[in-house]
1. Looking at the structure I just gave you, is residue 159 modelled with pLDDT of 95 or more, in a helix (DSSP H, G or I) and open to solvent by less than 60 Å² (accessible area, probe 1.4 Å)?
2. Only one of these is within 24 Å of residue 277 (Cα to Cα) and either touching a Phe, Trp or Tyr at 6+ places or on another chain (Cβ under 9 Å) or in contact (Cβ under 8 Å) with a residue 12 or more places away in the chain (or both): 203, 220, 232. Name it.
3. Could you please tell me which pairs satisfy a Cβ distance under 8 Å, a separation of 6+ or placement on different chains, a first residue in the range 289-308 that is closer than 17 Å to residue 256 by Cα and open to solvent by less than 100 Å² (accessible area, probe 1.4 Å), and a second residue that is assigned to a helix (DSSP H, G or I) and among the small types (Gly, Ala, Ser)?
4. Which residues, taken from the range 66-115, are in contact with a Leu (Cβ under 9 Å, 6 or more places away or on another chain), without any contact (Cβ under 8 Å) to a residue 40 or more places away in the chain and within 21 Å of residue 39 (Cβ to Cβ)?
5. Is it the case, given these coordinates, that residue 146 is open to solvent by 60 Å² or more (accessible area, probe 1.4 Å) and modelled with pLDDT of 95 or more?
6. Hey, can you tell me all the residues within the range 217-234 that are assigned to a helix (DSSP H, G or I), open to solvent by 40 Å² or more (accessible area, probe 1.4 Å) and under 16 Å from residue 200 (Cβ atoms)?
7. If I ask for residues that are surrounded by fewer than 19 Cβ atoms within 10 Å (Cβ to Cβ) and assigned to a helix (DSSP H, G or I), which ones from the range 128-143 would you list?
8. So how many residues does the range 194-216 have that are in a loop (DSSP other than H, G, I, E, B), modelled with pLDDT of 95 or more and surrounded by fewer than 17 Cβ atoms within 10 Å (Cβ to Cβ)?
Amino acid sequence: MRISRSQIARIASAASIARLGNEIVDFDSALERARRNGTGWRFDGIEDWPTEDIFGKLGDLGIYSDPAEFRDLALLYGGPEAIADGWSAQAGIQNTPWDDYFLFASTELWRRLTPDILCPEIVAADLDRAVEQTASFAASSAEDLEPVATAVSHMLDLLSGAPPPERPSVFEELQSQSGYELPGLLLDFVCEAGDRFPDLAIRMVSLVAPLADGDLATWRAELPFALLGAGRKDAAMEMAEENLRRFGDRPLVLILTGDLLEEAGNESRVKDLYLGALAEAATPEEWEMAVERLKSPKFRDDPRVTSELAAHPRPSAKEAVPLAGNKTDPVQLDEPQLPYIAPRRVGPNAPCPCGSGRKYKKCCRP
């Protein structure tokens, strides 16, 4: 994995410093020192190295392997980190700067020699890298989003290849290896890019939504917009109707279905859906979403709308909010509810925030 300067800057201090041992130096000095002592690969990566050079450096460190043996190791160990740990123990150079080379080498060789063997470490790293190189899901063309779509497809292949009882643990491993909160990131992809990749969005909702710590109804309510944007109006309407049958008491589902029907030109039921959401609203956020639509020029002079608005005042901000599984959680809702943005955290394979150039999991990770 190439460790770019932008990655270092994003997770290092605001002053963009790097720390080597007890000495504080700026990034350029740290990089120059690493290159002088032969460990510049920790910053530059080894993606540009010929395969024979990667194996050659392994040989210098006492590990003698070749492409055929590497495939056997991949099948035996199941991931590049386990291979690297085995090499490190075999070479007897743990906890040295060169110890990290084994992980760099096993990861790069996995991508080159065994791309058909899917594992959470590589799948999550490839998804992170593709997302990092994408400015925005909504503003990017299908061509620009192809690397993200490919990485998501590999993730879904990995999940679908696992027996259903094992899928939650596979998804947890993917999450532990990723630098993103995957449920939020993947739902963003459905919402913002699903119209360009509708089949992938359908597959994602089917496989990921049941595993994510979110609301299945929300995932399913967003999917018809992707189908409609892709020109599949009949499929979008069919799914919207199914959502109403399954989640017709959820204000967000009612509101989004109303928005969908209005966008599709089927406006006869839109008002009733918004009024239903108003009646079911349990939080100020849900109530405000319904009221905003009902006060639009299209409905605000309707006597029924006026009556229903008077009959359903804004709910208290401190009421318990129903959660998945019929649980409740007393949360404060009087602060503005902001859109969800998948946060970037320090992934196990990302450069350590201390600036050493080592992987986080090999350095300061608790």
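The values are calculated or read from the model by the stated rules, or taken from the named source; none is laboratory data. Quick caveat, the model's predicted, so the values are computed rather than measured. No Cβ is skipped: glycine too gets one built from the backbone with ideal geometry, and neighbour counts run over all protein chains shown. For accessibility, only protein heavy atoms count, side chains too; no ligands or nucleic acids. Shrake-Rupley method; radii C 1.70, N 1.55, O 1.52, S 1.80 Å.
1. For residue 159, the condition - modelled with pLDDT of 95 or more, in a helix (DSSP H, G or I) and open to solvent by less than 60 Å² (accessible area, probe 1.4 Å) - is met.
2. Result: 220 is the single residue among 203, 220, 232 that is within 24 Å of residue 277 (Cα to Cα) and either touching a Phe, Trp or Tyr at 6+ places or on another chain (Cβ under 9 Å) or in contact (Cβ under 8 Å) with a residue 12 or more places away in the chain (or both).
3. As it stands, the answer is 289/277; 290/277; 293/258, since those pairs meet every condition given.
4. If the condition is that a residue be in contact with a Leu (Cβ under 9 Å, 6 or more places away or on another chain), without any contact (Cβ under 8 Å) to a residue 40 or more places away in the chain and within 21 Å of residue 39 (Cβ to Cβ), then 83, 84, 85, 87, 88, 91, 93, 106 are the ones that fit.
5. Here the answer is yes, as residue 146 does meet what is asked.
6. 222, 225, 229
7. 129, 130, 132, 142, 143 - these are the residues of the range 128-143 that are surrounded by fewer than 19 Cβ atoms within 10 Å (Cβ to Cβ) and assigned to a helix (DSSP H, G or I).
8. 0
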